[in-house]
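Shown next, in structure tokens, is the structure this report addresses.
The values are calculated or read from the model by the stated rules, or taken from the named source; none is laboratory data. The shown structure was predicted, so the numbers you read here are calculated from the model rather than taken from an experiment. Here the Cβ positions follow ideal geometry from the backbone for every residue, glycine too, while neighbour counts run over all protein chains shown. Side chains included, ligands, DNA and RNA excluded: accessible areas come from the protein's heavy atoms. Shrake-Rupley method; radii C 1.70, N 1.55, O 1.52, S 1.80 Å.
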Amino acid sequence: MKQVLGVDVAQKELVVTLGRMYDDFTIDMYAYAVFKNTESGILNLSKWVDKLTNKEIKVRYVMEATGVYHEKFAYYLDQKQEDVSIVLPNKISNYMRTLDVKTITDKTCSEAIARFGLERKLDNWKRPKDVYRILKQLTRERRQITDERTIVKNQLHAEKTEAMPHVQGIDRLNRRIVFLNKLEKEIKDEIQATVKENEELKSDIANICTIPGVSILTAATVIGETNGFELIRCKRQLTSYAGLDVKEKQSGTSVKGKPRISKRGNRHLRSCLHLPALSTIKWDENFRNLYARIVAKSGIKMKGCVAVQRKLLELMYVLYKNKTVYDKDFEFKKEAAAQKA
């Protein structure tokens, strides 16, 4: 019925296990091998799979998202139009606990990945468009530079407040800050040039930027990190991907945990929404009312801010999909139309 190759990806090698499911739903792990994570190794792996699998049933390749080490193999499979699924590592680790695997090795991990692919219905991974990949790389690089600049500024503050500051050290720190500012400006200019070169992307970002407090950088980060919302089917899936979904642990009368966001998602999405959320609360009445309502109910300001972040992300998704601009009176118009009907 089904054939799956489970791939445990490392920097230098690909540990793979072939599994198949029969008509009676029994699972058989029947082949195991190790290949180099190079072009020649990937070609040898492809020949090995062709030799051991049934040509009438398409093989699904399932692998973990291991940094950037899986990308070379994933791009190769996408070029061959194979069925590829890339799974978050925490999903595989949680699944392995259900198998009661006591010995954790590359082989057992590849077996678990193959079994996971046989038992679950997985979506096909799609190669990101070049423009989205570039936006993702640039926005992440800028984030690294701003984080480094914050560290240097803290060092400068500590150096200046010492009893006997070191003049040459302060001068070097100031020059580092100037250098980092220059790098950030170069990246911002490159992001703007990338957006201007693509008319569709330029229009989409302009629509998203009609939301008060949302800049080109924020819109570019969200679009780049979600690959243009390529695999996002609904708002609930999007908030889960960003780690802004709510988790709660409750059982009977003795166990009642506080609801909180899972943070099991893309941290770059969450971090890029913090400052826009604060600005939107200040300048837009709808988001300000949402923030005030959450804070009045819980007494926690950060909880209200996170609710605004989630609402902002969902709104960006809607504007992007519908190719429209933000209308702050939309809910009012919707209620008025419902009353007339």
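Just one residue in the set Leu275, Leu238 is more than 20 Å from Asp327 (Cβ to Cβ) and open to solvent by less than 80 Å² (accessible area, probe 1.4 Å); that residue is Leu238. Of the residues making up region 106-129, those that are farther than 14 Å from Tyr95 by Cβ and either of a type in the set (Gly, Ala, Ser) or part of a helix (DSSP H, G or I) (or both) are Asp106, Lys107. Name the residues in region 68-84 that are hydroxyl-bearing (Ser, Thr, Tyr) and open to solvent by less than 60 Å² (accessible area, probe 1.4 Å), would you? Result: Tyr75, Tyr76. Could you grab me the full set of residues in region 197-238 that are among the charged types (D, E, K, R) and farther than 17 Å from Val308 by Cβ? Listed by number, the residues that qualify are Glu197, Glu199, Glu200, Lys202, Asp204, Glu225, Glu230, Arg233, Arg236. For region 45-67, a tally of residues being of a type in the set (D, E, K, R) and surrounded by 17 or more Cβ atoms within 10 Å (Cβ to Cβ) returns 2. Taking the listed residues Lys153, Lys185, the one that is free of Cβ contacts under 8 Å to residues at least 24 places away in the same chain, within 28 Å of Ile216 (Cβ to Cβ) and either open to solvent by 100 Å² or more (accessible area, probe 1.4 Å) or not in a helix (DSSP H, G or I) (or both) is Lys185, with no other qualifying.
Scanning for something closer than 18 Å to Asn207 by Cα and surrounded by 18 or more Cβ atoms within 10 Å (Cβ to Cβ), does region 244-259 turn up at least one residue? Scanning region 244-259, I find no residue that is closer than 18 Å to Asn207 by Cα and surrounded by 18 or more Cβ atoms within 10 Å (Cβ to Cβ), so the answer is no.
Name every residue in region 221-235 that is more than 23 Å from Thr194 (Cβ to Cβ) and either open to solvent by less than 70 Å² (accessible area, probe 1.4 Å) or not in a helix (DSSP H, G or I) (or both), in order of residue number. Selection gives Arg233, Cys234. If I filter region 198-220 for residues that are hydroxyl-bearing (Ser, Thr, Tyr), in a loop (DSSP other than H, G, I, E, B), in contact with a helix residue (DSSP H, G or I) (Cβ under 8 Å, 6 or more places away or on another chain) and within 26 Å of Leu275 (Cβ to Cβ), do I get at least one hit? Checked against the condition, which is being hydroxyl-bearing (Ser, Thr, Tyr), in a loop (DSSP other than H, G, I, E, B), in contact with a helix residue (DSSP H, G or I) (Cβ under 8 Å, 6 or more places away or on another chain) and within 26 Å of Leu275 (Cβ to Cβ), region 198-220 yields at least one hit.
Here is a list: Lys107, Lys121, Lys126. Which entry is out of contact with any Cys (no Cβ under 6 Å at 6 or more places or on another chain), closer than 28 Å to Leu5 by Cα and free of Cβ contacts under 8 Å to residues at least 40 places away in the same chain? Step by step, each of Lys107, Lys121, Lys126 is checked, and only Lys121 is out of contact with any Cys (no Cβ under 6 Å at 6 or more places or on another chain), closer than 28 Å to Leu5 by Cα and free of Cβ contacts under 8 Å to residues at least 40 places away in the same chain. Scanning region 20-33 for residues that are open to solvent by less than 70 Å² (accessible area, probe 1.4 Å) and either touching a residue at least 12 places away in the same chain (Cβ under 8 Å) or in contact with a helix residue (DSSP H, G or I) (Cβ under 6 Å, 6 or more places away or on another chain) (or both) returns Met21, Ile27, Met29, Tyr30, Ala31, Ala33. Listed by first and then second residue, the pairs with beta-carbon distance under 6 Å, at least 6 apart or on different chains, first residue in region 48-77 and more than 24 Å from Lys12 (Cβ to Cβ), second surrounded by 12 or more Cβ atoms within 10 Å (Cβ to Cβ) and at pLDDT 90 or above, are Thr53/Gln3; Thr53/Val59; Ile57/Gln3; Lys58/Asp83; Arg60/Val4; Arg60/Asp83; Arg60/Gly117. Might you check whether a residue that is touching a strand residue (DSSP E or B) at 6+ places or on another chain (Cβ under 9 Å), at pLDDT below 95 and β-branched (Val, Ile, Thr) occurs anywhere in region 252-275? Yes.
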